[in-house]
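Since the structure comes first, as structure tokens, the remarks are kept for the end.
Quick note: the coordinates plus some simple rules give every number you see, no bench work behind them. Everything numeric in this text was worked out from a predicted model, so none of it was measured. FYI the Cβ positions are ideal-geometry reconstructions off the backbone, even for glycines, and counts take in every protein chain you see.
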Amino acid sequence: MSTPSDHDRTPTFNPYTRFALVALLAVLLITYLQLLRFPTWDVVFAWLVAINIVTFVAFGYDKAVALKGTLRVPEVILLGLTLLGGGIGAVLARPLFRHKTQKVSFRLAFWPCLIASFALVTVYYLVLCPGCR
């Protein structure tokens, strides 16, 4: 009997990589499609709309699979989406889906991510891109 060598195995992605890649591709695709449809939009604004859609969907998906016991979206991905501009989507999704509202460790990480995200967006629009107003 032969055993498969290391280079014969199909590479597998851990959940962090899988969900991060899917989320990133979804955000980039939505951003691109928005800029095609609305060419006068600022790229950062299109990114913010896209990442909020993806964040909202990620929270909803995670709640749905949490009830089934299948592969979940890692918390670090949900927090990362929030930090990268998906704060509005997260704030809307949490109470709507009743998801991640009771877990203290998540709440302790969520609020700093949300505040940092809003601070970055504010700095961008008020300081770095004054012509975007």
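Checking Cβ-Cβ separations below 4.7 Å across the chain identifies C113 as cysteines lacking any candidate disulfide partner. Extension gain, Y61-Y32: 0.36 nm per intervening residue step, less the Cα-Cα distance, totals 8.1 nm. Taking Lys and Arg as +1 and Asp and Glu as -1, the other residues whose beta-carbon sits under 12 Å from that of F19 total 0. Max-minus-min Cα coordinates of the range 73-132 on each principal axis give 40, 20, 17 Å, with the largest extent listed first.
Taking amide H atoms as placed 1.01 Å from N in the peptide plane, the amide H of C129 has no partner under 5 Å among residues 5 or more positions away or on other chains.
What the phi angles of the range 38-50 give under the Karplus curve with 6.51, -1.76 and 1.60, with θ = phi - 60°, is a coupling list of 10, x, 8, 5, 5, 4, 5, 5, 4, 4, 5, 4, 5 Hz, glycine and proline written as x.
Normalising the Debye intensity of the chain to I(0), with uniform scatterers on Cα atoms only, and taking log10 at q = 0.16 Å⁻¹ returns -0.85.
At 0.36 nm per residue, minus the direct Cα-Cα distance, what do T101 and W41 gain on full extension? Give it in nm, one decimal, please. Mind dumping the intermediate values first?
Details: separation 60, 0.36 × 60 = 21.60 nm, distance 3.36 nm.
Extending this stretch completely gives an extra 18.2 nm.
In the chain, the DSSP-assigned H stretches of four residues or longer account for a calculated mean residue ellipticity at 222 nm of -22000 deg cm²/dmol, using -39500 (n - 2.57) per stretch and the full residue count as denominator. Phi angles of the range 114-119 translate, via the Karplus equation with coefficients 6.51, -1.76, 1.60 and θ = phi - 60°, into HN-Hα couplings of 5, 5, 4, 4, 5, 5 Hz per residue; Gly and Pro are given as x.
What is the order of S105, S117, fewest Cβ neighbours within 10 Å to most?
S105, S117
Counting every other Cβ atom within 10 Å of each residue's Cβ, F59, F38, F45 order from fewest to most as F38, F45, F59. Shown in residue order for the range 14-30 are the 3J(HN,Hα) couplings computed by the Karplus curve 6.51 cos²θ - 1.76 cosθ + 1.60 at θ = phi - 60°: 6, x, 5, 5, 4, 5, 5, 5, 4, 5, 4, 5, 5, 5, 5, 5, 5 Hz (x for Gly and Pro).
As a rough footprinting exposure proxy, the listed residues R94, R18, R107 were ranked by other beta carbons within 10 Å of their own, and the order from fewest upward is R107, R18, R94.
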